[in-house]
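Before any comments, here is the structure.
The values are calculated or read from the model by the stated rules, or taken from the named source; none is laboratory data. What you see is a predicted model; the values in this text were computed from it and never measured. Every residue, glycine among them, receives a Cβ derived from its backbone with ideal geometry; neighbour counts consider all protein chains shown. For the accessible areas, the whole protein counts, side chains as well, though only heavy atoms, and no ligand, DNA or RNA atoms are used. Shrake-Rupley method; radii C 1.70, N 1.55, O 1.52, S 1.80 Å.
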Amino acid sequence: MEISKHKNYTLIKASEANFDAFFKAFNSKELHKVDNHKVVQLSENLNTTIKDLSLFLNIANEHRANGISFVVICTGLDIDEVPDEINIVPTLTEAEDLLEMEAIERDLGF
C-alpha cells in the first residue's frame, strides 16, 4: 500500500495481492478514520467485487456525515450495482473532479 498526501486529500494506492489483504492493511493503518478527504485507488490485480466495495459503505457514510469526501477508484465493475453511498470513479482525474464538486456542494449547503 502506498499512501501519499496531496494538497486536499490523501491518496491510498493498493499494492497488495488481493482485496482482503488490502482491506486488512487499510484498517490496521487506521485509514478508515475521518480526518481528511480520501481517495482509494484499487489495483485491477485485486479482482475487486461489489461485495468487497460494500466493506467501504460505513466508512463512506461516516466521512459524508462529517463533511469529508471518500472516493474509490475502481474499474471493471458495473457502477450501477455499487451502493449509491460509495463514490466510485474509474480514474484519478475523475476522483479529483468529484472532490471539487463535493466541496462546492458543501459550500452551497447541500
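For region 2-83, which helices (runs of 4 or more DSSP H) that fit wholly inside it have 1 or more residues that are β-branched (Val, Ile, Thr) and either in contact (Cβ under 8 Å) with a residue 60 or more places away in the chain or more than 26 Å from Ile104 (Cα to Cα) (or both)?
In region 2-83, the matching helices (runs of 4 or more DSSP H) lie at 50-53.
Matching residues to (1) within 12 Å of the chain's Cα centre (by Cα); (2) of a type outside the set (Val, Ile, Thr); (3) more than 12 Å from Ile12 (Cα to Cα); (4) open to solvent by 60 Å² or more (accessible area, probe 1.4 Å):
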{"site": "Val40", "(1), (2), (3), (4)": "yes, no, no, no"}
{"site": "Leu46", "(1), (2), (3), (4)": "no, yes, yes, no"}
{"site": "Ile50", "(1), (2), (3), (4)": "no, no, yes, no"}
{"site": "Leu53", "(1), (2), (3), (4)": "yes, yes, yes, no"}
{"site": "Phe56", "(1), (2), (3), (4)": "yes, yes, yes, no"}
{"site": "Ile59", "(1), (2), (3), (4)": "yes, no, yes, no"}
{"site": "Ala65", "(1), (2), (3), (4)": "no, yes, yes, yes"}
{"site": "Phe70", "(1), (2), (3), (4)": "yes, yes, no, no"}
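Select from region 7-38 the residues that are over 18 Å from Asn58 (Cβ atoms), in contact with a strand residue (DSSP E or B) (Cβ under 8 Å, 6 or more places away or on another chain) and not polar (S, T, N, Q) and write down the one among them that is most open to solvent (accessible area, probe 1.4 Å).
Among those residues, the one meeting the criterion is Lys13.
Among the listed residues Glu105, Glu94, Glu85, identify the single one that is surrounded by fewer than 17 Cβ atoms within 10 Å (Cβ to Cβ) and at pLDDT 95 or above.
Just a single option satisfies the conditions, and that option is Glu94.
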